[in-house]
1. How far is helix 252-264 tilted off the main Cα axis of the chain, in degrees rounded to 10, range 0 to 90?
2. Where is the GNM fluctuation largest for the chain (alpha-carbon springs, 10 angstrom cutoff): Ala135, Ala263, Ala250?
3. As a test, work out the antiparallel percent of DSSP beta bridges whose residues both lie in the range 40-177, rounded to the nearest 5.
4. Give the relative contact order (percent, whole number) for the chain; include only Cα pairs under 8 Å separated by 6+ residues.
5. Within the range 106-145, which GluC sites (Glu not before Pro) sit in a loop by DSSP and count at most 14 neighbouring Cβ atoms inside 10 Å?
6. For the range 200-229, which chymotrypsin sites (Phe, Trp or Tyr not before Pro) are in a loop by DSSP, counting at most 11 other Cβ atoms within 10 Å?
7. How large is the dipole of the range 188-265 about the Cα centre if only Lys and Arg carry +1 and Asp and Glu carry -1, each at its Cβ, rounded to the nearest 20 debye?
8. Given that just one value was derived from the coordinates, which of (i) 59, 22, 14; (ii) 39, 24, 13; (iii) 39, 22, 17 is semi-axes √(5λ) of the Cα gyration tensor in Å?
Amino acid sequence: MLTLILNKSALVTSGTAGIQKHAFTTVFHQGIARPLNIFFKDGFDPGLYKKEDKVVIKGRFQEDINPFRIQFFDVNRTGMPTEAGWKRFLVDYFLEYDAPVTISEYSKGAIISPLLEHYYVWCDISKDGKFLNKAEFGRYLSLEKPEHVRKDTSWTKGVFNKTNSYFIEFRQSSWLGEEGNSYSLAYSDQNREKLVKFLEVPFQKGWIEKDYRLGKDSFYKASGCIGTERDAQSWTFTLLNAGEQDIPFATDRINQFLRTKWADSFFNSYRRHIDETVVPPIK
């Protein structure tokens, strides 16, 4: 089930008065503005929201491919999270930036994310909201062709990591990985400050991505950097192909080390280029 929190002014209901069965709004779905059709299970009374700035609704989200569209079925009104924990904290934090927020529930927890055009940010929490499993952010790339239905992301992502004073680590984007104690966090006042410091990078500070290549498009490593010129911290990683990420072999690390060393060597200095992208903060 999906919970959607958005500004009251963003929701347009069908008809002019009484109980409405259908409404629509526009949200950024994976970085692209999409109309979202909303079908209420028992009807929606606009009068319920006269004193509230936010509309909080819960239902079944559906993405259709041909034609591509997003829809929200069996929708009911629900309330904002009230119990102290990561869910309430993250919703309040993301709403400060005036973007719709989604809470996507699954069997063991929920993923909380603001819907943004140029960035993605998501936090995976436990079912009871007391444990942060993982937090991650990155940027969407511009569409290569107008007919494409979704944006790609850059291969550099920021992941929460509590083992360093910056509480962040830049790595290659992938579907899985970064699991375990280093990337998780129990809810407490002290740990909230750690996560805030991490979230300040995408929301208030921004970051720098560097992509290293030989020739025109032979990319072999990348890095993410935060901080000022006097106090900068960066993380560099070798780019792995799909096979190395999906089914790694024992010899892969040796091959990755050798190809990176070769690309960084003096013999390739005339072919080596660095593409730098300065990513401004979300604010």
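Just so you know, all these numbers are worked out from the coordinates, no wet-lab data involved. Quick caveat, the model's predicted, so the values are computed rather than measured. With ideal geometry, Cβ positions are generated from the backbone for all residues, glycine too; neighbour counts draw on all protein chains shown.
1. It works out to around 70 degrees.
2. Maximum fluctuation in the GNM of the chain, among the listed residues, is at Ala250.
3. Working: 31 of 32 bridges.
Around 95 percent antiparallel, to the nearest 5.
4. Values: 560 pairs, mean separation 34.6, N = 283.
Once divided by the residue count of the chain, the mean separation gives 12 percent.
5. Values: sites: Glu117, Glu136, Glu144; in loops: Glu117, Glu144.
Counting only loop positions with at most 14 other Cβ atoms within 10 Å, the GluC sites (Glu not before Pro) in the range 106-145 are Glu117, Glu144.
6. Values: sites: Phe203, Trp207, Tyr212, Phe219, Tyr220; in loops: none.
Answer in residue order: no site qualifies.
7. Working: 12 positive and 12 negative charges, 35 e Å.
Dipole of the range 188-265, to the nearest 20 debye: 180 debye.
8. (iii)
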